[in-house]
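I have placed the structure first, in the form of structure tokens, so that the comments after it can refer back to it.
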Amino acid sequence: MKTATVAYSKLIWRFGFLAASAFLITGLTGCNDKAAGERPITQDTIIADGSSTVFPITKEAARRYMQKNDNADIRTSFSGTTAGFLLFCKGKSDISNASRAMSAAETADCKNNNIEYLALPLAMDSIAIVVNPKNKWADSISVMELNKLWRPSAEANVKTWKDIRDNWPDQAIALYGRGKNSGTYDYFTQEIVGQVRSSRHDYTASEDEEFLANSIADDVNAIGFFGIGAYHRHWNELKLLPLRNASNEAIYPSLATVKDGSYTPLTRPLYLYINTASLSNKKQLKPFLQDYYQRLPSWIHFTGYMPLDDTQYQRTLNKLN
């Protein structure tokens with residue numbers, strides 16, 4: 001018991017450190033927004049869109065690169081992985097941030113529009129299950145209980161906390177989660193419900209993780225899901241629920257549990273999709289990506305996401321070269 005308590009304390013310390021660092025980076029990433037917004041968009045402007053989960057990572061990489069390269073203009077925004085692929089496959093973005101791999105239909109869409117691309121693995125993420133910190137009854141949740149809560153039939157049958165677990169209070173649940181333009185939603189529904197884009201509909205959906213985090217922080221009966229980075233940015237306003245596995249162990253998402261595969265099934269890879277024509281036509285895109293992947297291992301831990309192995313980053317750099 002003592003060992004478990006110490007391990008838990010270390011975990012909370014790590015989350016606090018990452019959260020504070022991520023919060024600092026979130027503040028810093030706004031530094032170039034005004035200056036970039038005042039510039040006219042030109043043929044050399046790099047457009048990055050897509051996943052709001054990956055957005056903070058690419059935005060930080062762009063900030064660091066533009067600090068050293070005054071003539072670079074990188075615009076970062078988010079519309080969700082699914083919506084981002086729609087733009088990307090129409091040639092409207094150079095980088096598509098993605099929290100899942102491109103689907104067969106999206107691949108066909110790019111092919112039909114003559115959009116060729118590189119798919120570059122970026123980092124590892126875990127999906128966080130969070131509640132309001134005033135929630136004193138829930139200290140963990142199982143995949144089976146999440147399935148019971150989120151499957152389509154739950155809309156009519158699972159409306160209170162007691163409906164999930166008998167010893168939880170008979171209070172109405174307020175559900176929050178990523179919207180249907182999100183790769184996080186696709187991945188969550190596949191792993192928890194068993195079918196992509198299948199879930200109950202009576203929940204507050206948004207592509208904006210900041211909105212979701214703030215909403216859950218204001219609602220004692222709230223429960224929601226999003227990428228672990230959003231939890232790290234709001235660690236002092238939210239309560240993180242570990243997943244209880246088949247052995248009745250409560251597993252928190254961390255660098256160690258993502259790496260060893262024990263935080264399952266809510267661990268997934270993140271990607272960048274790069275328009276190859278833009279690599280040739282936009283002179284700053286290739287050096288930006290080289291800088292991104294060369295420097296990423298030294299600072300990604302500040303964002304709350306998990307790095308890949310060094311060999312995987314070197315493989316990406318070789319591909320870019």
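The values are calculated or read from the model by the stated rules, or taken from the named source; none is laboratory data. As the structure is a computational prediction, the values presented were derived from the model and not from experiment. Virtual Cβ from ideal backbone geometry, glycine too; neighbours counted across all protein chains shown. Heads up: the accessible areas ignore ligands, DNA and RNA and are worked out on the full protein's heavy atoms, side chains in. Shrake-Rupley method; radii C 1.70, N 1.55, O 1.52, S 1.80 Å.
Listed here are the residues, each with its yes/no results for (1) modelled with pLDDT of 50 or more; (2) in a loop (DSSP other than H, G, I, E, B); (3) surrounded by 17 or more Cβ atoms within 10 Å (Cβ to Cβ); (4) under 22 Å from the mean Cα position of the chain (by Cα).
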| residue | (1), (2), (3), (4) |
| --- | --- |
| PHE15 | no, no, yes, yes |
| ALA35 | no, no, no, no |
| ILE41 | yes, yes, no, no |
| ILE47 | yes, no, yes, yes |
| LYS59 | yes, no, yes, yes |
| ASN71 | yes, yes, no, no |
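Of all residues in the stretch 146-169, how many are surrounded by fewer than 19 Cβ atoms within 10 Å (Cβ to Cβ) and not in a loop (DSSP other than H, G, I, E, B)?
8
What is the residue count in the stretch 93-145 for residues that are in a loop (DSSP other than H, G, I, E, B) and either assigned by the TED database to the domain that holds LEU279 or open to solvent by less than 10 Å² (accessible area, probe 1.4 Å) (or both)?
Summing the residues that are in a loop (DSSP other than H, G, I, E, B) and either assigned by the TED database to the domain that holds LEU279 or open to solvent by less than 10 Å² (accessible area, probe 1.4 Å) (or both) in the stretch 93-145 gives 15.
Check ILE192 against each of (1) surrounded by fewer than 17 Cβ atoms within 10 Å (Cβ to Cβ); (2) in contact with a Leu (Cβ under 7 Å, 6 or more places away or on another chain); (3) among the hydrophobic types (A, V, I, L, M, F, W, C) and name the one condition it does not meet.
Only one criterion in (1) surrounded by fewer than 17 Cβ atoms within 10 Å (Cβ to Cβ); (2) in contact with a Leu (Cβ under 7 Å, 6 or more places away or on another chain); (3) among the hydrophobic types (A, V, I, L, M, F, W, C) is unmet by ILE192, namely (1).
Quick one: which strands (runs of 3 or more DSSP E) sit completely within the stretch 213-313 and have at least 1 residues that are closer than 28 Å to GLU106 by Cα and open to solvent by 40 Å² or more (accessible area, probe 1.4 Å)?
267-275
Which of the numbered conditions does THR29 fail, given that it passes all the others? Conditions: (1) modelled with pLDDT of 50 or more; (2) open to solvent by less than 20 Å² (accessible area, probe 1.4 Å); (3) in contact with a helix residue (DSSP H, G or I) (Cβ under 6 Å, 6 or more places away or on another chain).
Just one mismatch for THR29, condition (1).
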